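Enquirer: Dropping the structure in here first, questions after.
The values are calculated or read from the model by the stated rules, or taken from the named source; none is laboratory data. Everything numeric in this text was worked out from a predicted model, so none of it was measured. Positions of Cβ are backbone-derived with ideal geometry, glycine not excepted, and every protein chain shown enters the neighbour counts. Surface accessibility is based on the protein's heavy atoms, side chains included, excluding ligands, DNA and RNA. Shrake-Rupley method; radii C 1.70, N 1.55, O 1.52, S 1.80 Å.
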Amino acid sequence: MADTRATDETSDNTGGNHSSGDGNPESREVEKIRDLKSVLVTSVLNLEELDVNLYRGTHHWVPRSRRLFGGQIVGQALVAAAKSVGDDVYVHSLHCYFVRAGDPTVAVLYQVDHIRDGRSFMVRSVRAIQHGQPILICQASFHKLQPSPLQHQFTMPMVPPPEDLLTEEQLIHLYLTKPNVPEKLRQFLNQRLANEVPIEIKPIQPQPSLRRPATEPRKLFWVRAQGHIGEGNMKLHCCVAAYISDYAFLDTAMLSLADYKAKFFASLDHSMWFHTTFRSDEWMLYECESPWAANSRGLVQGRMWRRDGVLAVSCSQEGVFRVQPVNHRNKL
Ligand SMILES: CCCCCCCCCC(=O)SCCNC(=O)CCNC(=O)[C@H](O)C(C)(C)COP(=O)(O)OP(=O)(O)OC[C@H]1O[C@@H](n2cnc3c(N)ncnc32)[C@H](O)[C@@H]1OP(=O)(O)O
């Protein structure tokens, strides 16, 4: 059954100044690289307030596509929206459209509109703007805690615990020790290792090689933010979950198609529902599936489970996919 415990995790430091480290610039630098709390909280999710309801966000990791990572834009939009509500309401859902590619060479402005303050619910609309044009439109709704006898949830799938599994990084290192790894593939995998994505992933069923058969479009992995964030800041955990939720989600739709690669793919929209308290810096099981793909689009749906079996977050996204056959002789 769903966890209906009233949360005491109500303090809001989202976007506040989080100092860390021992004051030594060198150790602060090391911590900045290693600790997600530094990278995301003091940098990416720490928006600069420019005016009333107007914020500026900067970037950390940019994907190979050279367009801004969607999870970063959604996470920052949620930070901006959350700044305009009190400590007694929690985001329960958000709905976004990615309308233009984000430009990694300039900052993003976030403009928050107060749509409605009701008795139980508060609704905000956020526009992420670059070069005077919206790149994302986001609606977020916040709700007071209102416990009810109506409660149920699906059951978490049975999977091995994260302690029994290797991280994606470890799997890549292992793969690179094999003889005869093609040079192009080696370069690609080394680039993946060099990515400073502040997210850790442990696949439940790692792909033995990149040349995989077509499978049911479903995958499961343990995921958490890198570094320590700690308890007591549910708003921040939701913003970090928004960042994480977009990372390895959309490619679920490609699993049904072997021998093709996406020459262009991008998320068109992103929706999330936050059900209960969780910690984004602790392992959560991300269950991703794609019920449909056609017409150059694919739909993905995801559930993030706390490791105690409580359904914490549900996500949904549609993406555009332009695919081409893989030439296996020259393949990565
Ligand atoms: C494992 C680690 C990897 C992690 C990566 C995580 C990534 C997760 C997913 C994301 O975060 S994606 C980032 C968030 N989403 C976006 O940035 C999408 C923003 N929205 C848009 O860019 C536009 O709204 C969108 C492209 C979706 C639609 O705009 P248009 O209708 O003007 O685009 P159009 O379809 O005409 O063209 C899009 C591209 O497809 C190309 N194209 C069009 N028709 C085509 C065709 N028939 N065949 C092949 N390609 C085609 C077209 O040239 C163009 O390529 P370029 O961008 O390189 O120029």
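Enquirer: Could you tell me how many of the residues in segment 120-159 are assigned to a strand (DSSP E or B) and more than 15 Å from the ligand (Cβ to nearest atom)?
Expert: 12
Enquirer: Residue check: is G86 in a loop (DSSP other than H, G, I, E, B), in contact with a helix residue (DSSP H, G or I) (Cβ under 8 Å, 6 or more places away or on another chain) and under 26 Å from L236 (Cα atoms)?
Expert: no
Enquirer: Identify, please: which residue in segment 75-100 is surrounded by fewer than 17 Cβ atoms within 10 Å (Cβ to Cβ) and charged (D, E, K, R) and is, among those, farthest from the ligand (Cβ to nearest atom)?
Expert: D88
Enquirer: Also, quick follow-up: Just to verify a result, which residue in segment 264-280, among those that are farther than 30 Å from S296 by Cβ and touching a helix residue (DSSP H, G or I) at 6+ places or on another chain (Cβ under 7 Å), is nearest to the ligand (Cβ to nearest atom)?
Expert: Step one: of segment 264-280, the residues farther than 30 Å from S296 by Cβ are 274-280.
Still in the list and also touching a helix residue (DSSP H, G or I) at 6+ places or on another chain (Cβ under 7 Å): 274, 277-280.
On the way: F274: 20, T277: 26, F278: 22, R279: 23, S280: 17 Å.
Checking each candidate, the answer is S280.
Enquirer: Could you please find all residues in segment 231-263 being in a loop (DSSP other than H, G, I, E, B) and either within 15 Å of the ligand (Cβ to nearest atom) or without any contact (Cβ under 8 Å) to a residue 60 or more places away in the chain (or both)?
Expert: Scanning segment 231-263 gives D246, Y247, A248, F249, A258.
Enquirer: Now for a different question. Identify the residue in segment 101-119 that is of a type in the set (A, V, I, L, M) and not in a strand (DSSP E or B) and, among all such residues, is surrounded by the fewest Cβ atoms within 10 Å (Cβ to Cβ).
Expert: Restricting to residues being of a type in the set (A, V, I, L, M) and not in a strand (DSSP E or B), the top hit is V106.
Enquirer: Within 27 Å of Y90 (Cβ to Cβ), open to solvent by 10 Å² or more (accessible area, probe 1.4 Å) and modelled with pLDDT of 95 or more: which single residue out of W305, W273, W292 fits that description?
Expert: Going through W305, W273, W292 in turn, the sole match is W273.
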